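K.L.:
Before we start, here is the structure in question, set down as structure tokens.
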Amino acid sequence: MKASTVEFKENEIVIVGAKSPMIIRIVLGILMVIFLLIPIFVAIYRVSEGLGLHFSIVLIAAFTWAFAYFFLRTILWNSFGKEIITLTPEFIEYEADYKLFKGAKVAISGKDLEFTYIEMEKETQTFIICDAVPELIENVLPISIHNMRKLESKITDYYRKLT
């Protein structure tokens, strides 16, 4: 797995994921289109056979379009995904950015931080940041060990200066 790039700004750390291979994104795009078209084809078939529309088409549409939405988010994450860590005096805020969508924001206090590293392949790691409260920030994009050390020192230095 290729290491992600890390951009260190004043009070923000941006981890930009490496794009996945084009063939994977194409396959996901084809699956997304198929799941979008299934309920349309079912409705056309039922009308052309004289069966009329049925409530089950709504259920089929909801189910298949939910899968299509999942595939869209996966395509966007594999193309434009990045993680944004914002440092404020009160807390650390984490947000996943899919370009068209944003993930839920997670915030933990900047006190009593504990870093845990998870080894990945090819000298990359992911991390988990915990605080005294049982809340945590967990990233998914692999980062080089050098950038991981730099990220930890930036965060700890930021909150050390505040106390």
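The values are calculated or read from the model by the stated rules, or taken from the named source; none is laboratory data. Source: prediction; values computed, not measured. Quick reminder, even Gly has a Cβ in these numbers, built from the backbone with ideal geometry, and neighbours come from all protein chains shown. To get the accessible areas, we keep the full protein, side chains included, count just its heavy atoms, and leave off ligands, DNA and RNA. Shrake-Rupley method; radii C 1.70, N 1.55, O 1.52, S 1.80 Å.
K.L.:
Name every residue in the stretch 39-82 that is outside any helix (DSSP H, G or I) and more than 30 Å from Lys2 (Cβ to Cβ), in order of residue number.
P.N.:
Filtering the stretch 39-82 for residues outside any helix (DSSP H, G or I) gives 49-55, 81-82.
Across the stretch 39-82, the qualifying residues are Glu49, Gly50, Leu51, Gly52, Leu53, His54, Phe55.
K.L.:
So, in the stretch 137-159, of the ones that are in a helix (DSSP H, G or I) and within 21 Å of Glu121 (Cα to Cα), which residue ends up most open to solvent (accessible area, probe 1.4 Å)?
P.N.:
In this case the residue turns out to be Arg149.
K.L.:
Then there's this: Which condition does Pro89 not pass, out of (1) touching a residue at least 60 places away in the same chain (Cβ under 8 Å); (2) assigned to a loop (DSSP other than H, G, I, E, B); (3) closer than 29 Å to Pro21 by Cα, if it passes all the others?
P.N.:
Of everything listed in (1) touching a residue at least 60 places away in the same chain (Cβ under 8 Å); (2) assigned to a loop (DSSP other than H, G, I, E, B); (3) closer than 29 Å to Pro21 by Cα, Pro89 misses just condition (3).
K.L.:
Filter the stretch 86-110 down to the residues that are among the aromatic types (Phe, Trp, Tyr) and at pLDDT 90 or above, then identify the one that is nearest to Ile13 (Cα to Cα).
P.N.:
Filtering first and then ranking leaves Tyr94.
K.L.:
Being of a type in the set (S, T, N, Q) and closer than 29 Å to Lys19 by Cα is the filter here, so list the residues in the stretch 99-123 that pass it.
P.N.:
Thr116
K.L.:
Out of all the residues in the stretch 98-114, which are surrounded by 14 or more Cβ atoms within 10 Å (Cβ to Cβ) and of a type in the set (A, V, I, L, M, F, W, C)? So that I can check it myself, show each step before the final result.
P.N.:
Taking the stretch 98-114 and keeping what is surrounded by 14 or more Cβ atoms within 10 Å (Cβ to Cβ), we get 98, 103, 106-110, 113.
Listed by number, the residues that qualify are Val106, Ala107, Ile108, Leu113.
One line per residue, one yes/no per condition, for (1) surrounded by fewer than 16 Cβ atoms within 10 Å (Cβ to Cβ); (2) closer than 24 Å to Ser144 by Cβ:
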site	(1), (2)
Ile15	no, yes
Lys19	yes, yes
Ile30	yes, no
Tyr45	yes, no
Ser48	yes, no
Ala62	yes, no
Tyr69	yes, no
Ile92	no, yes
Ala96	no, yes
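K.L.:
Being of a type outside the set (Val, Ile, Thr) and touching a Phe, Trp or Tyr at 6+ places or on another chain (Cβ under 6 Å) is the filter here, so list the residues in the stretch 32-72 that pass it.
P.N.:
Scanning the stretch 32-72 gives Met32, Phe35, Phe67, Ala68.
K.L.:
Of the numbered conditions (1) open to solvent by less than 90 Å² (accessible area, probe 1.4 Å); (2) over 18 Å from the mean Cα position of the chain (by Cα), Gly81 satisfies every one except a single condition; which is it?
P.N.:
If we test Gly81 against (1) open to solvent by less than 90 Å² (accessible area, probe 1.4 Å); (2) over 18 Å from the mean Cα position of the chain (by Cα), just (2) comes out false.
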